[in-house]
Amino acid sequence: VDSSLCEYLKTKTGLDETRLKALISYGKEDDSIATFDIAEKKKIINALYSITVLDPACGSGAFPIGMLQKIVYILQEIDPSADLWFDKATENVSYLLKKEFEKKFNDGSLNYIRKLSVIQNSIFGIDIQPIAVEISRLRCFLSLVIEEKVKDDEFNRGINPLPNLDFKFIIANSLIGLEENVQMSLFENEDHINRLKDVRDEYFNAESDRRTELKLEFKDIQQDMLLNTIANYQKQASVRYQQLSSWKPFENEATNWFDADWMFGIKDGFDIVIGNPPYVQLQKMHEEADKIAKQNYKTFTRTGDLYCIFYEFGYNVLKENGILTYITSNKWMRAEYGNLLRNFFVKETNPVLLIDFFGTKVFESATVDVNILQITKSKNKYSTKCCIIKDNCMNNLSNYIEQNKSLMAFNKVDENWTILNQIENSIKSKIEKIGQPISEWNLNINRGLL
């Protein structure tokens, strides 16, 4: 969460990375580094107000909630009175919501204002398991309700109805997209899309009676689209529309496809994609692997792992210069099945940070070794900050990385990714400069070591 936010703020504000790291860190060694003038504070406020974050396999919501807490912490640090945030959060909201914000602001419920805005604008999650999505929503509710101030003499003791998170955490299969139809677009009638967007936006803060009306309105718009499709295109869009009409966002069941525009109203991608996607061998998922194969992922191989596809999916839904940070199994770095993924990173992305835990246990229940990889959706600069974690430094990870990092240029396709320190890297470069790979020798090797 910290490294993703730092990279994002650095790109959005142009501020110095050292100062941003000091701001983001809970334990500040030097408070003077993390001081900002009013212009810089406004840059940070504007960047955090517009940020969009997706966890495509959110589980119980650890990363979205971690992101929410850290954004609120930063806002507390640079804008303790919440004046700047209040001005930004009430710029383009309805009169009623602005009045509610004013009431909370005057009551001193500053974190309520901060959290509600961040949940409404910035936090998104997907999971294929209904119970996971329910838990993610519940954690958001709990995080928000603890900021309320009880007033016994007011209606409902002054506690606001909880926001509706049906369009924030959704039950869906992230890796399967909407069926494309090159002959025509179902979305040629922009009126339908705009009406659905209005329903989504209003639904977040709607109270009980209005919420029921909006659910019916949503279904009516879907029905209108169906009738419009049948009238104009007959059977041409049947597959695509079957997918669209199968989505039931208000019911506790999974949808077998995902589309960011349709489900979240996000047209131009996310600023940050973060998460811990599942590690499952594709050859153990026969039917699901067949569906994924039809999506034309460049990293797909039958002998591969599901998390490899999640890397490509995450990259695809990023904005330009957006940031992806995953913690996954580290097998892709050296295994044969990871070759397509390594090539994808070299050709399509800019790997910024790679931390290999190399046997250091991160998850109690997981037996695999893991890595953290951060990439940006930009041209590869062939300079990745790398570190192998060989010591028990989980409580001081950032400092350990800074003290033991090396810069690697992952610039070759069909090559394993190995992290070397500066001396090892120098020796390797010299060998490559004057040596000749065995593959270029004039010999036939029929058998290797058994």
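The values are calculated or read from the model by the stated rules, or taken from the named source; none is laboratory data. Worth saying up front: this structure is predicted, and the values here are computed from it rather than measured. Neighbour counts run over all protein chains shown; Cβ positions are idealised from the backbone, glycine included. For the accessible areas, the whole protein counts, side chains as well, though only heavy atoms, and no ligand, DNA or RNA atoms are used. Shrake-Rupley method; radii C 1.70, N 1.55, O 1.52, S 1.80 Å.
Here are the numbers:
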{"read-out": "Using a Förster distance of 45 Å, the FRET efficiency for residue 443-residue 319 (Cβ separation, nearest 0.05)", "value": "0.35"}
{"read-out": "Debye intensity ratio in log₁₀ form over the Cα atoms of the chain, taken at each q of 0.07, 0.14 Å⁻¹", "value": "-0.41, -1.44"}
{"read-out": "Cα lying deepest toward the dipole's positive end in the chain, options 404, 283, 254, charges on Cβ", "value": "404"}
{"read-out": "Heavy-atom accessible area order for 408, 285, largest first, 1.4 Å probe", "value": "285, 408"}
{"read-out": "Degrees between helix 95-107 axis and first principal axis of the chain (Cα, 0 to 90, nearest 10)", "value": "80 degrees"}
{"read-out": "Pairwise centroid distance, computed over Cα atoms, of segment 6-25 with segment 46-99, Å", "value": "17 Å"}
{"read-out": "Charge dipole (debye, nearest 20) of segment 362-450; +1 at Cβ of Lys and Arg, -1 at Cβ of Asp and Glu", "value": "380 debye"}
{"read-out": "In degrees, nearest ten, helix 190-203 long axis to first principal axis of the chain (Cα)", "value": "80 degrees"}
{"read-out": "Selection from 121, 82, 169 lying farthest towards where the dipole of segment 79-216 points positive, charges on Cβ", "value": "82"}
{"read-out": "Under 19 Å from residue 151, Cα to Cα: lysines that are on another chain or at least 8 residues apart", "value": "99, 103, 104"}
{"read-out": "Out-of-range pairs (alpha-carbon distance over 23 Å; input 168/347; 21/168; 12/70; 284/379; 319/379; 331/385)", "value": "168/347; 21/168; 284/379"}
{"read-out": "Summed side-chain charge close to residue 50 - residues other than residue 50 whose Cβ falls under 9 Å, Lys, Arg +1, Asp, Glu -1", "value": "0"}
{"read-out": "Computed FRET value (nearest 0.05) for residue 83 with residue 202, which takes r as the C-beta separation and R₀ as 30 Å", "value": "0.65"}
{"read-out": "By accessible area with a 1.4 Å probe, ligands and nucleic acids excluded, highest first: order of 329, 208, 378", "value": "208, 378, 329"}
{"read-out": "Whole-Å distance, taken between Cα centres, linking segment 137-182 and segment 377-426", "value": "39 Å"}
{"read-out": "Length added when fully stretched, residue 268-residue 151, from 0.36 nm per residue minus Cα-Cα", "value": "37.9 nm"}
{"read-out": "Where the Cα pairs of segment 373-442 fall when distances are cut into 10 Å bins, in %", "value": "16, 41, 30, 11, 2, 0"}
{"read-out": "Between helix 208-233 and the chain: long-axis angle, C-alpha atoms, 0 to 90°, nearest 10", "value": "70 degrees"}
{"read-out": "Over segment 51-162, relative contact order from alpha-carbon pairs under 8 Å, at least 6 apart, %", "value": "40 percent"}
{"read-out": "Value in Å of the Kirkwood radius, where segment 12-158 supplies the Cα pairs that are averaged", "value": "16.6 Å"}
{"read-out": "Simple Cβ-charge dipole of segment 92-141, Lys/Arg +1 and Asp/Glu -1, about Cα centre, in debye nearest 20", "value": "160 debye"}
{"read-out": "Burial ranking of peptide ranges 291-299, 129-137 (average Cβ count within 10 Å, highest at the top)", "value": "129-137, 291-299"}
{"read-out": "Difference of contour (0.36 nm per residue) and Cα-Cα distance, residue 2 to residue 363", "value": "128.1 nm"}
